[in-house]
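Presented below is the structure to which this report refers.
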Amino acid sequence: MTEYLNTVTNPDAPWTSIDDTEENILQDLAAYTLDPTFELYGDFVNPSPEWLSTENAEKYAGCTMIFGNFYGYSHAFRLVTDDAALIARISAAVQRNKARPEYQQARRKMLDALPVLTYKGASIGHHYRYCGGWFRLTKIIHLTE
């Protein structure tokens, strides 16, 4: 089962929308830089998403959520699938995109904007820089300056 959950601008009639497709996503992954913010929310390809509704959890059991957008270009994509070949094709395209210097530059720029975790600045649910990456603080057990 594969469901494309977003629409995109119709290139033949830009005032209308069409359902997104694998071809649209792969074409834009080859041409545009991904928005690194989506690393914070499942890193584009999430093999075990946590569904908020039991209806979606049952409907999409065993599926992978693929989602994201681009840095400086608007094409929000979101699909749910259990098609291993499709997941592999899009995952490979995402990895190629993330390996490009433009992505790495955008990622560094966004990381520089994230705060460093401090005792006074700690807030559950916020994101912080750490060892060249980032993390989301979900619980504080013990924290000292």
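Work out the charge dipole of region 1-122 with +1 on the Cβ of Lys and Arg and -1 on the Cβ of Asp and Glu about the Cα centre, then indicate which of His75, Thr16, Gln104 is farthest towards its positive end.
Gln104
Step through the residues of region 9-18 one at a time and calculate ³J(HN,Hα) from phi using the Karplus curve (6.51 cos²θ - 1.76 cosθ + 1.60, θ = phi - 60°), rounding each to whole Hz and writing x for Gly and Pro.
Each residue of region 9-18 in turn: 5, 6, x, 7, 9, x, 8, 10, 10, 10 Hz.
Quick check for me: using +1 on Lys/Arg Cβ and -1 on Asp/Glu Cβ, what's the dipole size of the chain about its Cα centre, in debye to the nearest 20?
Roughly 860 debye, rounded to the nearest 20.
Would you grab the residues whose amide H sits under 5 Å from the one on Tyr71? Only those 5+ places off in sequence or on another chain, please, with H modelled 1.01 Å from N.
Answer set, sorted by chain and number: Thr33, Leu34, Asp35.
Hey, what do the phi angles of region 113-125 turn into as Karplus ³J(HN,Hα) couplings, whole Hz, using 6.51/-1.76/1.60 and θ = phi - 60°, x for Gly and Pro?
For region 113-125, the Karplus-derived couplings read 7, 7, x, 8, 5, 10, 4, 6, x, 5, 9, 4, x Hz, x marking Gly and Pro.
How large is ³J(HN,Hα) for each residue in region 55-62, as worked out from phi by the Karplus curve 6.51 cos²θ - 1.76 cosθ + 1.60 (θ = phi - 60°), to whole Hz, x for Gly and Pro?
For region 55-62, the Karplus-derived couplings read 4, 5, 4, 6, 4, 9, 4, x Hz, x marking Gly and Pro.
Add +1 for every Lys or Arg and -1 for every Asp or Glu among the other residues with Cβ under 14 Å from the Cβ of Asp83, and state the total.
-2
Each value in this text was obtained by applying a stated rule to the coordinates, not by laboratory testing. Not measured: the values here are computed from a predicted model. Here the Cβ is made from the backbone with ideal geometry for all residues, glycine too, and neighbour counts use every protein chain on show.
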